[in-house]
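Contents: one structure, followed by commentary.
What follows draws every value from the coordinates through simple rules; no lab data is involved. For clarity, every value in this text was computed on a predicted model and none was experimentally measured. With ideal geometry, Cβ positions are generated from the backbone for all residues, glycine too; neighbour counts draw on all protein chains shown.
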Amino acid sequence: MPKTRIYITYPEKLIKEPVIYNVGQKFKVVTNIRSATVSSGIGVIGLELDGEQSEITKAVQYIKDLGIKVKPIEQDVME
Amino acid sequence: MSITKTKSYTLGLRCRECLKEYPIQPHHVCEDCFGPLEAVYDYAAIKKVLTREKILSRKHTMWRYQELLPLDQDPTVGLEVGYTPFYRSRRLAQTLGLKELYIKNDAVNFPTLSFKDRVVAVALSKAKEFGMNIVACASTGNLANSLAANAAQAGLESYIFIPADLEQGKVLGTLVFGSHVIGIRGNYDEVNRLCSEIADKYGWAFVNINIRPFYGEGSKTYTYEILEQLGWRAPQHVVVPMAGGSLITKVKKAIKEFYDLGLTEDASTKMHGAQAEGCGPIVHAVIAGNDLFKPEKPNTIAKSLAIGNPADGYYAIKAIKESGGWAATATDEEIVEAMKLLATTEGIFTETAGGVTLAALKKLIQSGHIPPDESVVLSITGNGLKTQEALVGKVGVPELIDAKLSEFDRIYKKP
Ligand SMILES: Cc1ncc(COP(=O)(O)O)c(C=O)c1O
Ligand SMILES: [Zn+2]
């Protein structure tokens, strides 16, 4: 099963929310935080999601719907 | 593949964040922390062989600094790339009120008229070392042209992914080299994600993904040339266009390497970054005093710089701050004005990215970040012939006359 590796970028108002905990509760995915940086109201977390592709897709959509940006760890590769 | 086995000075790859070490392989992120991997060199050994005399004795190409590039063998692709013109500006300097302005002109880089030929030359040479015969990239312009042309010359099969709605002119300039060009329907994020997935699945040499640690190093040669052409001196300021933010971090690295190797005596250059106002995540972070940037949705005529979520954005912000430099954006109008200014004062037709850089330089002079009596290098990295649509209707039209002397007499206004 391929693991999905993403960066999620939080706006200030969501920094205190237990987003990743909630993702693990609501969907059948294993969340694994690889890096976390917070600076002046922006939070960036490197996250690995493991599980069935359909569950990962739902989890990613849930994160996006909260207003959090989800990007592949390569970021923009179209240059 | 080259049969000459030269000594390699590349020791391996290392994570920029957690410093975990990796062997030399087509791999770009740290398995532990997702940090970018970077080539590590044996500088002590390089210092013994790479002298000014050695460099001066070599051909005028980017490979005169070969020891500082991450190849294990002699290069096999892009052998004629680099060593582009660098000269002191008179007319533009006067217009801007600068005492000492220099222009580094990669608008005439070989073979595809942008600084991307430098990164592609290293990436494809490395791909051949790895025994990878299919090369690929995702690009809307300069990178596509360069990969296609250099792959053609090297006899490598190439796949180039573009957004489905890219203008005909740009597509043509890539198709002509015989590449497989694939248009992807979907929004920007979807296109990016698919490219990451393809790179992962097919194991091709995706130059700006799995070959990125090697690819990026090629742009150091832009700065090595500046330092050499300035008489083994570092300028006080350099203004650099930013998209993914890689070039500016390599400006910093190149300046430090030359200093550490004793090739220059100073490394205190202030690095200033330039982006379009309609896509300026790095500049906006610098100005706001943030270490992290917020991804943006691009809306600018400077398409070659329109990267809303720059892979090296974090390091670009850091490089600018640590050097004591600053950053500025340019609106579409300011970009066009600056393209015309460079053309009419220096005879250089640069693309929109060059317009962004010159417009930013003007602002940095106005804001006092670049004092008029200090030495400045303006980075011109791409050619205007590729982005002509940006100037349509903005540079006037020819006057029309019948083929009669009286007609010409009528319109000719004595100076
Ligand atoms: C002409 C030109 N200048 C500058 C850049 C910026 O380079 P980077 O992505 O390394 O910041 C690019 C492309 O990305 C470009 O095409
Ligand atoms: Zn790491």
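So, of the residues in the stretch B:276-291 that are within 10 Å of chain A (Cβ to nearest Cβ) and small (G, A, S), which turns out to be surrounded by the most Cβ atoms within 10 Å (Cβ to Cβ)? Here the residue is B:A285. Within the stretch B:274-297, being of a type in the set (A, V, I, L, M) and outside any loop (DSSP other than H, G, I, E, B) holds for B:A274, B:A276, B:I282, B:V283, B:A285, B:V286, B:I287, B:A288. Residue-level check: of (1) away from every other protein chain (no Cβ under 13 Å); (2) in contact with a Phe, Trp or Tyr (Cβ under 8 Å, 6 or more places away or on another chain); (3) surrounded by fewer than 19 Cβ atoms within 10 Å (Cβ to Cβ), A:V19 misses just (3).
For the stretch B:262-276, the count of residues that are closer than 25 Å to B:G35 by Cα and of a type in the set (D, E, K, R) is zero.
Taken as a whole, the condition of being within 12 Å of ligand 1 (Cβ to nearest atom), within 14 Å of chain A (Cβ to nearest Cβ) and crowded, with 24+ Cβ neighbours inside 10 Å does not apply to B:G273.
The single residue among B:A328, B:A319 that is within 13 Å of ligand 1 (Cβ to nearest atom) and more than 11 Å from chain A (Cβ to nearest Cβ) turns out to be B:A319. Of the residues A:E12, A:E79, A:E48, A:E74, the single one that is in contact with a Leu (Cβ under 7 Å, 6 or more places away or on another chain) and within 13 Å of another protein chain (Cβ to nearest Cβ) is A:E79. Hand me the list of strands (runs of 3 or more DSSP E) wholly inside the stretch B:31-124 holding 1 or more residues that are closer than 17 Å to B:Y222 by Cβ, touching a residue at least 12 places away in the same chain (Cβ under 8 Å) and among the polar types (S, T, N, Q). Answer list for the stretch B:31-124: B:100-105.
Scanning the stretch B:125-163 for residues that are within 12 Å of chain A (Cβ to nearest Cβ) and either assigned to a loop (DSSP other than H, G, I, E, B) or of a type in the set (S, T, Y) (or both) turns up B:S139, B:T140, B:G141, B:S146.
The number of residues in the stretch A:39-60 that are hydroxyl-bearing (S, T, Y) and in a helix (DSSP H, G or I) comes to 2. Please find, within the stretch B:292-309, the residue that is farthest from ligand 2 (Cβ to nearest atom) out of those that are in contact (Cβ under 8 Å) with a residue 24 or more places away in the chain and touching a helix residue (DSSP H, G or I) at 6+ places or on another chain (Cβ under 6 Å). Ranking the candidates gives B:I301 first.
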